[in-house]
Amino acid sequence: MKIAIAGAGAMGSRFGVMLKRAGNDVILIDSWAEHVQTINQKGLKIETDHGSKQVEIPAFLPQDVNFQPELVVLFTKSMGLPKMLQDIQPILTANTKIVCLLNGLGHIATIEKYLNKANIFMGVTVWTATLLGPGHVKLIGDGGIEIQNIEPTQKKAAEEICGVFDVAGLKAKYSANVMFSIWRKACVNGTLNTLCTLLECNIAQFGSLPQSDQLVKQIVAEFAAVAAHEDVKLNVDEVAAYIGKLYDPSQAGEHYPSMYQDLIMHHRLTEIDYLNGYVAQRAEQFGLKTPVSATLTELIHAKESLLVKN
Ligand code: NAD
Ligand code: AOT
């Protein structure tokens, strides 16, 4: 299948490498010129549990792409999504399918401004990846994907996309309720990404703190209250238990969340406004109180003011 990865940082590189290895015709699209140039000149350098490797995979700046993909996999950060959707308009046809696996809330409304519902497939992933520098990523650990069509007639197409990912070893499953999956993953990120970034620790270190259970439950309860107003039912204890299992080093314990990578490692802006910030903002619209999410959002923005270079 002809596949374009739109946003080829840590996760886009992982998906690009695995889909190409399975025999697909894959290109990477990214607006970071040094990254694109390094990949084209030296290959993409990947660090795995079995050592280091160079993978040849064509990379393009958005304005230079001359390729008509059957499938586009979106992997920008949330803030970069509208610009990427705008930039790839020239390569999309009426039949191009787009899969969005970004973390965060509110992306469907953004994507619907650029594409028909029938072409949009939403999902979440628990794969992880780390960007070490231009053209250089670390891909360790195991993962999975859940995907669903958002237009009821497109179930078969969603199952076919799951098949393409699955054959590539990406462990994809059709989700019967992707909005639930998206909200539950947002709870993972709204707790672990935000708190590991403020506390400057990895997931296992956070999980070992005496405060971890109570903090997670408070945040998940706020997410659940807002989710209920969007017709998604989250069970706070079930979601907190799901998060608690990730502390184990055999799960995601050794992972430094992408928000930590952005702010602490690279002094870049974070996705907070699409996680706790989204919840705090929607709560206000619904007349709900979510003080923990509101304060965490302000704390991350304050830390961005201290660390992000202009
Ligand atoms: P990333 O930051 O690695 O890549 C996103 C974009 O940022 C790319 O376009 C990349 O080129 C650009 N970028 C990165 N460093 C740059 C630099 N120094 N200068 C200029 N541009 C730079 O993002 P990611 O971690 O792959 O995340 C993509 C999406 O997947 C996000 O929504 C994230 O929350 C989600 N996600 C990430 C992980 C993870 O482990 N990283 C896991 C699950 C979901
Ligand atoms: C993660 N991490 O989603 C994935 O880093 O943004 C991220 C992310 C799966 C399980 C636990 C954490």
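Within the set Lys117, Lys171, the sole residue that is basic (Lys, Arg) and touching an Asp or Glu at 6+ places or on another chain (Cβ under 7 Å) turns out to be Lys117.
Does Ile219 qualify as being touching a Ser or Thr at 6+ places or on another chain (Cβ under 6 Å), more than 16 Å from ligand 1 (Cβ to nearest atom) and assigned to a helix (DSSP H, G or I)? In short, yes.
For (1) surrounded by fewer than 18 Cβ atoms within 10 Å (Cβ to Cβ); (2) in contact with a Lys or Arg (Cβ under 9 Å, 6 or more places away or on another chain); (3) more than 25 Å from Asn235 (Cβ to Cβ), each residue gets a yes or a no:
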{"position": "Lys138", "(1), (2), (3)": "no, no, yes"}
{"position": "Gly144", "(1), (2), (3)": "yes, yes, no"}
{"position": "Glu159", "(1), (2), (3)": "yes, no, yes"}
{"position": "Ala176", "(1), (2), (3)": "yes, no, no"}
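Sort out which residues of the stretch 1-40 are in a helix (DSSP H, G or I), under 21 Å from Gly144 (Cβ atoms) and touching a residue at least 60 places away in the same chain (Cβ under 8 Å), and write them in order of number. Hits for the stretch 1-40 are Ala10, Met11, Gly12, Ser13, Arg14, Phe15, Val17, Met18, Leu19, Arg21. Within the stretch 291-303, the set of residues being buried (at least 17 other Cβ atoms within 10 Å of the Cβ) and closer than 18 Å to Ser258 by Cα comprises Leu296, Thr297, Ile300, Lys303.
Of all the criteria given as (1) β-branched (Val, Ile, Thr); (2) within 15 Å of ligand 2 (Cβ to nearest atom); (3) assigned to a helix (DSSP H, G or I), the one not satisfied by Thr270 is (3).
Exactly one condition in (1) free of Cβ contacts under 8 Å to residues at least 60 places away in the same chain; (2) surrounded by fewer than 22 Cβ atoms within 10 Å (Cβ to Cβ); (3) touching a strand residue (DSSP E or B) at 6+ places or on another chain (Cβ under 6 Å) is not met by Gly51; state its number. Looking at each condition in turn, Gly51 falls short on (3). Output the residues belonging to the stretch 196-205 that are in contact (Cβ under 8 Å) with a residue 40 or more places away in the chain and part of a helix (DSSP H, G or I). Listed by number, the residues that qualify are Cys196, Thr197, Leu198, Ile203, Ala204.
Restricting attention to the stretch 103-126, the residues that are assigned to a loop (DSSP other than H, G, I, E, B), touching a strand residue (DSSP E or B) at 6+ places or on another chain (Cβ under 7 Å) and touching a residue at least 60 places away in the same chain (Cβ under 8 Å) total 0.
Since every read-out is calculated from the coordinates, none of them should be taken as a lab result. As the structure is a computational prediction, the values presented were derived from the model and not from experiment. Don't worry about glycine lacking a Cβ; one is built from the backbone with ideal geometry, like all the others, and counts go over all protein chains shown.
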